[in-house]
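The values are calculated or read from the model by the stated rules, or taken from the named source; none is laboratory data. These numbers were taken from a predicted model, which means no experiment stands behind them. Note that each Cβ is placed from the backbone with ideal geometry, even for glycine, and that neighbours are counted across all protein chains shown. When the accessible area is computed, the model is the full protein with side chains, heavy atoms only, and any ligands, DNA or RNA have been set aside. Shrake-Rupley method; radii C 1.70, N 1.55, O 1.52, S 1.80 Å.
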Amino acid sequence: MTKSTFKEQLISKIQNIEDVTILKEVYRLLEIESEDLESYILTDEQISIVNEAREQIRNGQFLTHEEAHNKINQWLNK
């Protein structure tokens, strides 16, 4: 499929969307593409924290999503 054909199909699909929520999301995605995204500049302290977290992950010092969820539920039920 050529780029031109793909664009035409995309425009056609967008024209047929009735749901405003979906249209807003499509617009938001298109805005992301057109923006000049700024890079975050981290402080030395933030870089140190990120490096510490990476080291913890390498050493297996982390919780899975399920483990974290269970710990939160335990904490909330106390």
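At-a-glance table
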| item | result |
| --- | --- |
| Residues of the chain: accessible area per residue with a 1.4 Å probe, Å² | 102 Å² |
| Translational diffusion of the stretch 3-78, µm² s⁻¹ [Kirkwood Rh, Cα pairs; Stokes-Einstein; 10 °C; 1.306 mPa s] | 90 µm²/s |
| Extreme residue, positive dipole direction of the chain, given options Ile47, Asn59, Trp75 (C-beta unit charges) | Trp75 |
| Span from the the stretch 43-78 Cα centroid across to the the stretch 6-30 one, whole angstrom | 38 Å |
| For the chain, calculated [θ]222 nm from helices alone, where every DSSP H run of n ≥ 4 adds -39500 (n - 2.57) | -23000 deg cm²/dmol |
| Carbon + sulfur, % of accessible area of the chain - ligands and nucleic acids excluded, 1.4 Å | 55 percent |
